[in-house]
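Q: Questions regarding the structure given below will be posed in turn.
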Amino acid sequence: MIRTVATKPYPDQKPGTSGLRKKVPVFQQEHYAENFIQSIFDALDGFKGKTLVIGGDGRFYNREVIQKAIAMAAANGFGKVMVGQGGILSTPAASNIIRKYKTFGGIILSASHNPGGPHEDFGIKYNASNGGPAPEKLTDAIFARTKAISSFKIADIATVDIDTIGTVEAGGMTVEVIDPVADYAELMESLFDFEALRRLFKSGFRMRFDAMHAVTGPYAKEILENRLGAPKGTARNFIPLPDFGGHHPDPNLVHAKHLYDEMMGPDAPDFGAASDGDGDRNLIIGKGIFVTPSDSVAMLAANAHLAPGYKAGLKGIARSMPTSGAADRVAEKLGIGIYETPTGWKFFGNLLDAGMATICGEESAGTGSNHVREKDGLWAVLLWLNILAARGESAREIVTQHWATYGRNYYSRHDYEEIEIDRANALVDELRAKLGSLPGTSVRGMKIASADDFAYNDPVDGSISKNQGIRILFDGGSRVVFRLSGTGTSGATLRVYIERYEPDNSRHDLDTQQALADLIAAADDTAGIRAHTGRAKPSVIT
Ligand code: VG1
Ligand code: CO
């Protein structure tokens with residue numbers, strides 16, 4: 001039986017950088033999840049009888065919302081849902097399933113790298129039939145709907161067994177529970193030289209992959225250990241836990257410090273990597289050398305042709321605006337297009353669909369390609385491995401040679417987390433108001449060449465996205481970028497992105513923070529970070 005349940009809107013269901021993210025207790029309010037899911041369905045057209053993919057990163061409240069989503073999909077007229085066994089689907093795996101089985105779209109339950117548990121974060125995002133995050137037009141429509149919603153539809157069905165692979169009927173709809181790993185592993189096998197990788201591990205190559213008790217555990221175990229023959233224990237923390245073992249599943253130098261320390265230590269393995277809550281981010285650390293995500297995009301693009309899936313070369317490279325310009329130099333050398341988009345993977349979708357870009361990346365540890373429409377943590381790790389195997393060199397050699405060829409973009413991001421929303425807005429408003437007066441003036445002896453608030457004009461559909469981050473560009477190409485996070489769940493997070501290009505090969509081994517010290521000071525002078533936030537230093541430096 002289908003019930004129509006009366007409800008009242010919640011005013012705060014605005015999808016951020018990737019979907020709606022809130023604390024679990026917020027999601028547990030009566031009809032909160034139902035309202036948002038119904039708003040997604042109401043914003044969509046033409047899905048009657050079609051297939052919806054549902055999965056999540058296994059965090060607390062995942063199973064409950066999956067049951068709601070199944071019952072609501074049935075009531076709203078979907079013909080079928082495909083659910084990852086145990087409710088598990090990494091974000092890139094979900095994207096692949098949507099594309100491979102030509103489904104209508106998918107609902108992914110995740111708050112990515114944010115912590116999980118009864119008092120931590122939860123999230124819902126919708127991906128369209130191309131497998132990518134809902135474009136802005138759709139998220140705007142969903143948000144508009146959340147403000148007007150007055151009822152939702154749900155089928156009265158018993159709890160569906162999502163732990164047994166197979167097909168059942170529920171509320172007049174087919175529910176297929178699928179192996180979350182198989183299709184993804186097959187896709188990876190089609191892109192990379194698994195034979196060469198098997199030989200690499202057989203030769204004694206040692207690696208650590210830290211799944212951080214999040215969704216990539218089963219994927220890494222199957223691909224690295226079972227299919228590629230890496231020794232047992234290569235994948236660590238590989239069992240997804242609802243609270244990620246009490247840690248932030250954020251593969252950065254703060255939350256994956258243990259991996260960093262191991263990779264810098266005397267008995268470091270050859271290669272270290274980690275992924276985040278939903279499996280779309282990657283951390284790459286070679287023996288004794290950390291690879292910044294911005295550099296990683298550039299290095300993967302420069303070497304991608306060594307992997308079978310990319311041997312024909314790249315069509316173009318796309319990077320988010322705050323990501324360093326290292327990839328631009330590679331694109332220039334390859335003679336291919338380079339595109340600068342706002343933060344968030346949804347902006348890459350059109351470029352990938354139009355065949356204008358093959359590899360995309362963000363400074364926030366997201367890298368991916370046209371194989372799916374999401375960033376893909378394990379994909380980046382496997383491409384690195386393929387390049388290491390093909391070149392027969394260490395990560396350190398590859399990185400330092402890259403800098404010698406292209407120069408080095410020193411890069412760092414400073415995050416000021418959980419600051420008061422009013423104070424964060426005041427900082428941005430003040431900065432925005434003086435943008436016009438900055439060009440031509442000097443800070444710390446550096447002349448400002450231009451200052452603006454980034455607007456993106458999508459070359460494919462002509463849509464314009466404004467206010468995507470304040471950029472201050474100095475003579476010589478150094479820059480500082482300011483923007484407020486769209487994924488946080490408490491207070492505001494100010495992100496300050498700092499970049500300086502160093503062509504001189506003899507100056508490529510400086511400490512990053514020291515190399516950027518004058519720009520860091522200039523950022524504070526210009527934006528009054530300390531005065532506005534009341535913080536003497538950032539909460540996280542990457
Ligand atoms: C952050 C990152 C952004 C990334 C987004 C989603 O957004 O900066 O690059 O696309 O997270 O990543 P924000 O608005 O907080 O800066 V994930 O791994 O959360 O899907
Ligand atoms: Co993520």
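Q: Return the residues of segment 254-271 that are under 21 Å from the mean Cα position of the chain (by Cα), surrounded by fewer than 16 Cβ atoms within 10 Å (Cβ to Cβ) and either in a loop (DSSP other than H, G, I, E, B) or not basic (Lys, Arg) (or both); say none if nothing qualifies.
A: 254
Q: Now for a separate question. Could you pull out every one of the strands (runs of 3 or more DSSP E) wholly within segment 280-371 that has 3 or more residues that are within 16 Å of ligand 1 (Cβ to nearest atom)?
A: 282-286, 316-320, 337-341, 359-362, 366-369
Q: Another question about this same structure. Being within 14 Å of ligand 1 (Cβ to nearest atom), of a type in the set (A, V, I, L, M) and touching a helix residue (DSSP H, G or I) at 6+ places or on another chain (Cβ under 6 Å) is the filter here, so list the residues in segment 99-140 that pass it.
A: Matches in segment 99-140: 108, 109, 124.
Q: Same structure, new question: Please pick out the residue among 83, 5, 26 that is assigned to a strand (DSSP E or B) and surrounded by fewer than 20 Cβ atoms within 10 Å (Cβ to Cβ).
A: Sole residue among the options that is assigned to a strand (DSSP E or B) and surrounded by fewer than 20 Cβ atoms within 10 Å (Cβ to Cβ): 5.
Q: What is the residue count in segment 200-214 for residues that are touching a helix residue (DSSP H, G or I) at 6+ places or on another chain (Cβ under 7 Å), in a helix (DSSP H, G or I) and of a type in the set (D, E, K, R)?
A: Selection size over segment 200-214: 0.
Q: For the structure I just gave you, tell me whether residue 270 is touching a residue at least 24 places away in the same chain (Cβ under 8 Å), within 18 Å of residue 91 (Cβ to Cβ) and of a type in the set (Asp, Glu).
A: no
Q: Kindly indicate which of 172, 166 is within 26 Å of residue 87 (Cα to Cα), assigned by TED's automatic domain parsing to the domain that holds residue 99, small (Gly, Ala, Ser) and in contact (Cβ under 8 Å) with a residue 24 or more places away in the chain.
A: After applying the criteria, what remains is 172.
Q: Could you tell me whether residue 312 is within 29 Å of residue 207 (Cα to Cα), surrounded by fewer than 18 Cβ atoms within 10 Å (Cβ to Cβ) and at pLDDT 95 or above?
A: Yes: the conditions hold for residue 312.
Q: Right, here's the next one. Right, residue 534: touching a strand residue (DSSP E or B) at 6+ places or on another chain (Cβ under 6 Å) and modelled with pLDDT under 95 or not?
A: Criteria not met by residue 534.
Q: Across segment 425-472, what is the total count of residues that are closer than 19 Å to residue 343 by Cβ and in a strand (DSSP E or B)?
A: Counting residues in segment 425-472 that are closer than 19 Å to residue 343 by Cβ and in a strand (DSSP E or B) gives 10.
Q: Out of segment 486-542, which residues are in contact with a Pro (Cβ under 9 Å, 6 or more places away or on another chain) and either hydrophobic (A, V, I, L, M, F, W, C) or not in a loop (DSSP other than H, G, I, E, B) (or both)?
A: 494, 495, 496, 497, 499, 529, listed by residue number.
Q: Sort through 195, 136 and tell me the only one that's of a type in the set (D, E, K, R), more than 21 Å from residue 285 (Cα to Cα) and within 20 Å of the chain's Cα centre (by Cα).
A: 136
Q: Within the group 455, 380, 433, which residue is among the small types (Gly, Ala, Ser) and within 16 Å of ligand 1 (Cβ to nearest atom)?
A: Selected residue: 380, the only one of 455, 380, 433 that is among the small types (Gly, Ala, Ser) and within 16 Å of ligand 1 (Cβ to nearest atom).
Q: Being loosely packed, with under 15 Cβ neighbours inside 10 Å, over 28 Å from the mean Cα position of the chain (by Cα) and without any contact (Cβ under 8 Å) to a residue 12 or more places away in the chain narrows it down to one residue among 509, 525; which is it?
A: The unique qualifying residue is 509.
Q: Scan 150, 110 and give me the residue that is hydroxyl-bearing (Ser, Thr, Tyr), within 16 Å of ligand 2 (Cβ to nearest atom) and either surrounded by fewer than 23 Cβ atoms within 10 Å (Cβ to Cβ) or within 18 Å of the chain's Cα centre (by Cα) (or both).
A: Of the residues listed, the single one that is hydroxyl-bearing (Ser, Thr, Tyr), within 16 Å of ligand 2 (Cβ to nearest atom) and either surrounded by fewer than 23 Cβ atoms within 10 Å (Cβ to Cβ) or within 18 Å of the chain's Cα centre (by Cα) (or both) is 110.
Q: Going through segment 153-173 one residue at a time, which ones are part of a loop (DSSP other than H, G, I, E, B) and either more than 33 Å from the chain's Cα centre (by Cα) or surrounded by fewer than 18 Cβ atoms within 10 Å (Cβ to Cβ) (or both)?
A: 156, 157, 158, 159, 161, 163, 164, 165, 171, 172 - these are the residues of segment 153-173 that are part of a loop (DSSP other than H, G, I, E, B) and either more than 33 Å from the chain's Cα centre (by Cα) or surrounded by fewer than 18 Cβ atoms within 10 Å (Cβ to Cβ) (or both).
Q: Also: Quick one: which of 273, 256 is of a type outside the set (Val, Ile, Thr) and in contact with a helix residue (DSSP H, G or I) (Cβ under 6 Å, 6 or more places away or on another chain)?
A: Residue meeting the stated conditions: 273.
Q: Still on this model: Restricting segment 1-46 to residues that are away from ligand 1 (no atom under 16 Å from the Cβ) and among the small types (Gly, Ala, Ser), which is farthest from residue 171 (Cα to Cα)?
A: 43
Q: I would also like to ask the following. Could you please find all residues in segment 260-278 being within 15 Å of residue 296 (Cβ to Cβ), among the aliphatic types (A, V, I, L, M) and away from ligand 2 (no atom under 16 Å from the Cβ)?
A: Within segment 260-278, just 263 meets the criteria.
The values are calculated or read from the model by the stated rules, or taken from the named source; none is laboratory data. Just so it is clear, the structure is predicted and the values come from calculations on it, not from any experiment. Positions of Cβ are generated from backbone atoms using ideal geometry, with glycine treated the same way; all protein chains shown enter the neighbour counts.
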